[in-house]
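Colleague: Here you go, one structure.
The values are calculated or read from the model by the stated rules, or taken from the named source; none is laboratory data. On a predicted model such as this, the values are computed, not experimentally measured, just so you know. Positions of Cβ are backbone-derived with ideal geometry, glycine not excepted, and every protein chain shown enters the neighbour counts.
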Amino acid sequence: MTQPSSRSDFAPAAALGNAILRDVTLRDGLQLTGKLLSTDQKLETVRELLRLGVPAIELGSMARADLVPTMANTLEVVQALTPEELDKCWIWVATPGHVAKAAAAGARNFQYCLSASDSHNKANIGRTTDESLAALPQAVEYARAVNGQIQLCIATSFTCPFEGYVPEERVLSIANDPRAEGTTDIVLCDTLGQAIPAQVSGLIARVREESPARRIVYHGHDTWGLGVANTLAAIQAGAAMVDGALGGLGGCPFAPGASGNTSSEDILFATRPGWLTTERFADLVVLSEKLLAELGEPNRSKAAQGARSKAAAFDWVIRPDSAAEPSGTGGN
């Protein structure tokens, strides 16, 4: 009998379609942790993720360090990366000033975030949603001035911790707002992880059909256990980028009830993009375990837990000789 390759004969290579994973460990993943990773630790994580083949990374946030202390050294990370590395990295921003400062440090990919609900926008950013939209054209201009890309990121696209369900029409009105002209992507966020697959696919389909043509990004959380299911529904509905964090780390400090992101390991195990070999997956699990141990955080990834099982006949299980350090195989 032919032995499976390192990608596995059963790897559904087309499952991810044209969608790519963006790992958001260093931004959304770190927001609720109590420990600031050093600049060197963050750089090591970015470079290891890129080496393993992860196509996009959210490396940090311009949020105020007194409000989100774990983002304090974001600009130091940006300044230390090469232009080629920064081409694959995104930074969270909420004001034109954020874009200008990040661009001056070398960033070229910006995620401009506002919330569908005023209550969350006020808690998260300190202004109404309309005020955030009013400032967006200036942010777009700053991004264009450095030949950058800027995403329109809509938090609480499904539910709000203060207002409950968010009507689809509210999200569509933001997606169609003329002040968002020039944004290259639209990010739909299940901030609280309360959506179900039918809601995710339904909203993405409507945004795709009823708003200007842009790449659609889905950002999900696994609070209610549907992170992977919702991500797959998003891809099938047309999302071209999906977010995840190592070990299911993360959550929003300004959204009561929010918990960790959908795990990057779980998304990758479910979708198995062409670059993912079993060796690279093992290295990714080891990277995640080391990072979570450093932060003192639990590993919520089911795929990572499965990779440490005793089912040795399954080629995605990590062999004992891979347990200590990344193997270094499968580099770019």
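Colleague: Could we say that GLY29 is in a helix (DSSP H, G or I), without any contact (Cβ under 8 Å) to a residue 12 or more places away in the chain and not β-branched (Val, Ile, Thr) here?
Modeller: Values: in a helix (DSSP H, G or I): yes; without any contact (Cβ under 8 Å) to a residue 12 or more places away in the chain: no; not β-branched (Val, Ile, Thr): yes.
No.
Colleague: From the list ALA245, ALA213, ALA155, ALA175, which one is within 21 Å of PRO273 (Cα to Cα) and among the hydrophobic types (A, V, I, L, M, F, W, C)?
Modeller: Selected residue: ALA245, the only one of ALA245, ALA213, ALA155, ALA175 that is within 21 Å of PRO273 (Cα to Cα) and among the hydrophobic types (A, V, I, L, M, F, W, C).
Condition check ((1) in contact with a Lys or Arg (Cβ under 7 Å, 6 or more places away or on another chain); (2) within 20 Å of GLY182 (Cβ to Cβ)) across all residues:
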residue	(1), (2)
ARG64	no, no
LEU86	yes, no
CYS89	no, no
ALA100	no, yes
GLY126	no, no
VAL140	no, yes
ILE154	no, yes
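Colleague: Given the conditions (1) assigned to a helix (DSSP H, G or I); (2) of a type outside the set (D, E, K, R); (3) more than 26 Å from VAL242 (Cβ to Cβ), and given that LEU50 satisfies all but one, which numbered condition is not satisfied?
Modeller: Single failed check for LEU50: (3).
Colleague: Which residue out of LEU75, LEU81, LEU86, LEU59 is among the hydrophobic types (A, V, I, L, M, F, W, C), without any contact (Cβ under 8 Å) to a residue 40 or more places away in the chain, touching a Cys at 6+ places or on another chain (Cβ under 7 Å) and surrounded by fewer than 24 Cβ atoms within 10 Å (Cβ to Cβ)?
Modeller: It is LEU81.
Colleague: Sort through ALA123, ALA139 and tell me the only one that's modelled with pLDDT of 95 or more and aliphatic (A, V, I, L, M). Step through it out loud before you land on a result.
Modeller: Numbers: ALA123 fails: modelled with pLDDT of 95 or more.
Only one candidate qualifies: ALA139.
Colleague: From the set of residues in segment 141-174 that are of a type in the set (Phe, Trp, Tyr) and surrounded by fewer than 21 Cβ atoms within 10 Å (Cβ to Cβ), which is farthest from VAL187 (Cα to Cα)? Explain how you work it out, then say what you get.
Modeller: Within segment 141-174, the subset of a type in the set (Phe, Trp, Tyr) is 142, 158, 162, 165.
Filter once more, keeping what is surrounded by fewer than 21 Cβ atoms within 10 Å (Cβ to Cβ): 162, 165.
Numbers: PHE162: 21, TYR165: 18 Å.
Ranking the qualifying residues of segment 141-174, first place goes to PHE162.
Colleague: Same structure, new question: If we scan segment 187-199, do we find a residue that is modelled with pLDDT of 95 or more, surrounded by 18 or more Cβ atoms within 10 Å (Cβ to Cβ), within 16 Å of the chain's Cα centre (by Cα) and farther than 14 Å from THR159 by Cβ?
Modeller: Among the residues of segment 187-199, at least one is modelled with pLDDT of 95 or more, surrounded by 18 or more Cβ atoms within 10 Å (Cβ to Cβ), within 16 Å of the chain's Cα centre (by Cα) and farther than 14 Å from THR159 by Cβ, which makes the answer yes.
Colleague: If only one of ALA139, ALA180, ALA104, ALA100 is out of contact with any helix residue (DSSP H, G or I) (no Cβ under 8 Å at 6 or more places or on another chain) and among the hydrophobic types (A, V, I, L, M, F, W, C), which one is it?
Modeller: Within the list ALA139, ALA180, ALA104, ALA100, the selection yields ALA104.
Colleague: I'd like to verify a number: residues in segment 255-285 that are more than 23 Å from CYS189 (Cα to Cα) and in contact with a helix residue (DSSP H, G or I) (Cβ under 7 Å, 6 or more places away or on another chain), how many?
Modeller: 7
Colleague: Modelled with pLDDT under 90, of a type in the set (A, V, I, L, M) and touching a Pro at 6+ places or on another chain (Cβ under 8 Å) - does that describe any residue in segment 248-256?
Modeller: Yes, that holds for at least one residue.
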